[in-house]
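First the structure, in the form of structure tokens, and then the observations on it.
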Amino acid sequence: MSNDGPTAWTNRLAKVTGNFTGTTTEIIQWAACKWGIDENTIRAAAVQESSWHMSEVGDNCNASGEASYGILQIKNKDCSGTLIHGGYPYTTQATALVVDWYAARMRSCYDGDFSGWLYNGQTVDQIAASNGWDYVLRGCIGFHYSGDWNPTQSYVQQVEQHLANKDWLNY
């Protein structure tokens, strides 16, 4: 997968293996434990991203590899063919890889590994001091979706609604 961020993210990315076998719920529990991310937040994001379907293809440009793949929609390339995150075709085949990558990136975002460009000139500690750590997590959820730090975007609200409803129990 691509090396698309600062050194701390790059170091975490090197630890993304997807080396786990189990049910979708077990995979999410494993990645949540590995990276210290709330498992239900990951589940809620999976409902929003793919309706809990590993076979989901989004942002499809109708060219091989130019789309987002898997239960958490990891974007490989954009429609110009520019590598975004990479991982194709493995992100179409391995739920554990997709969930491992997502949880690692959420941990990097939450820990402030993208400071200098993502957090609107602030550190995550400054953001948390002003708004709380839940606000930081919401910003990271939004970052996965849009690539921007925006804790109030509608995508974040949709994930939070899935979390409140525990919609993954319907799959």
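All of the numbers you see were taken from the coordinates with simple rules; none came from a lab. Please read all numbers here as calculations on a predicted model, not as lab measurements. As a convention, Cβ positions derive from the backbone with ideal geometry for all residues, glycine included, and neighbour counts pool all protein chains shown.
Grouping the Cα pair distances of the stretch 7-170 into 10 Å bins from zero gives a pair-distance distribution of 11, 40, 39, 10, 0 percent in increasing distance order. Pop the C-beta distance of Y135 and S64 into the FRET formula with R0 = 45 Å and round what comes out to the nearest 0.05. In this case the efficiency is close to 0.70. For K34, the lysines whose Cα comes closer than 25 Å to its Cα, not counting residues fewer than 8 places off in the same chain, are K15, K75, K166. For the residues I42, I71, I84, a GNM of the chain with alpha-carbon springs under 10 Å puts the largest fluctuation on I84.
With the crude spin-label approximation of a point 7 Å out along Cα→Cβ, what separation in nm comes out for D125 versus N165? Roughly 4.0 nm, to one decimal.
Considering only N11, N76, N131, the Gaussian network model of the chain with Cα springs below 10 Å gives its largest mean-square fluctuation to N131.
Shown is the FRET efficiency for S146 and T23, computed with R0 = 25 Å from the Cβ-Cβ distance and rounded to the nearest 0.05: 0.25. Taking the Cα centre of the stretch 7-170 as reference, the dipole from Cβ charges on Lys and Arg (+1) and Asp and Glu (-1) amounts to some 260 debye. When the helices of the chain are scored as -39500 (n - 2.57) per DSSP H run of n ≥ 4 and the total is divided over every residue, the value at 222 nm lands at -15000 deg cm²/dmol.
Among A44, A94, A128, the largest mean-square fluctuation in a Gaussian network model of the chain (Cα springs under 10 Å) belongs to A128. Counting other Cβ atoms within 10 Å, which trypsin sites (Lys or Arg not before Pro) in the stretch 1-74 have at most 14 and lie in a DSSP loop? Those that pass, being in a loop and sparsely packed, are K15.
For the stretch 7-170, averaging the sequence separation of C-alpha pairs within contact (under 8 Å, six or more residues apart) and dividing by the residue count gives a relative contact order of 23 percent.
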